[in-house]
Amino acid sequence: MSELVASLSLKEFFKSLLDEVIGRQRVVITEGTEFYLVNLLSEFALTDKLFTREEDGRKDHEPLAVLYHRALQQERNERIRTLRRLGDVSLYTAGFFSGALQGGVVGPDYYIQMGGTAYGQVAELSPAAQVYRELHDKFRALVEVLEEIAARGMVKAGPSGALKVYESWERTGSDRLERVLVEAGMMPPLKGQLPN
């Protein structure tokens, strides 16, 4: 994986990976939405954008409900930015940390609901409504795309990552995670099926 990243820009890497996974999962998105997702993945990979910086310099994960409450109090342009952040953080978190959310106080469905709602509201307020409408309409499918991208990266990272993917698959029974494990040679195909 590191050899591939060295020869491609991060955006090219994520575009290639995103194209592969959305093709495999048969998710159809517009070019504008694909561009948005590639930028989102690149930004969260390179920066601490997922977190907010506190006044004392600490990084913290701002609760989604707090973001949503703040958005309701803001003027239009600021509301769009806050709702976009809520959607972005929800999408990334539900996709990349779905396994960790399973046993938490709020599960992946909470993030899916909050993120989808946020993008829906941005679509009503924004001139780029088409992209946000599609993010709203296909939020759950896009979470599944990001979940597979994360699982593929973890398996390639080594045994501890592969074990986390296996444990998540064991908890959820996810066909996507099963396919990632089978394709990585971590387990034989189950249910008498070959991977797609």
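Screening segment 179-196 for residues that are assigned to a loop (DSSP other than H, G, I, E, B) and at pLDDT 60 or above and picking the one that is least open to solvent (accessible area, probe 1.4 Å) gives Met187. Would you check which residues across segment 22-44 are surrounded by fewer than 17 Cβ atoms within 10 Å (Cβ to Cβ) and not in a helix (DSSP H, G or I) and list them? Matches in segment 22-44: Arg26, Val27, Val28, Thr30. Of all residues in segment 129-143, those satisfying the criterion of being surrounded by fewer than 20 Cβ atoms within 10 Å (Cβ to Cβ) and under 11 Å from the mean Cα position of the chain (by Cα) are Arg140, Ala141. Could you please find all residues in segment 113-142 being within 18 Å of Ser98 (Cβ to Cβ) and of a type in the set (D, E, K, R)? Listed by number, the residues that qualify are Lys138, Arg140. Scanning segment 97-124 for residues that are modelled with pLDDT under 90 and of a type in the set (Phe, Trp, Tyr) gives a single hit, Phe97.
Just checking, does segment 117-128 include any residue being among the aromatic types (Phe, Trp, Tyr) and either open to solvent by less than 10 Å² (accessible area, probe 1.4 Å) or within 19 Å of Ile80 (Cα to Cα) (or both)? Yes, the conditions are met somewhere in segment 117-128. If Arg24 satisfies all but one of (1) under 30 Å from Arg179 (Cα atoms); (2) charged (D, E, K, R); (3) modelled with pLDDT of 95 or more, what's the number of the condition it fails? Among (1) under 30 Å from Arg179 (Cα atoms); (2) charged (D, E, K, R); (3) modelled with pLDDT of 95 or more, the lone unmet condition for Arg24 is (3). Among the residues of segment 79-113, write down those that are over 22 Å from Arg171 (Cβ atoms), open to solvent by 20 Å² or more (accessible area, probe 1.4 Å) and either touching a residue at least 12 places away in the same chain (Cβ under 8 Å) or not in a helix (DSSP H, G or I) (or both). Selection gives Arg79, Ile80, Arg84, Arg85.
The values are calculated or read from the model by the stated rules, or taken from the named source; none is laboratory data. Everything quoted here is computed from the prediction, not taken from an experiment. Glycine also receives a Cβ, built like all others from the backbone with ideal geometry; neighbour counts cover every protein chain displayed. Heads up: the accessible areas ignore ligands, DNA and RNA and are worked out on the full protein's heavy atoms, side chains in. Shrake-Rupley method; radii C 1.70, N 1.55, O 1.52, S 1.80 Å.
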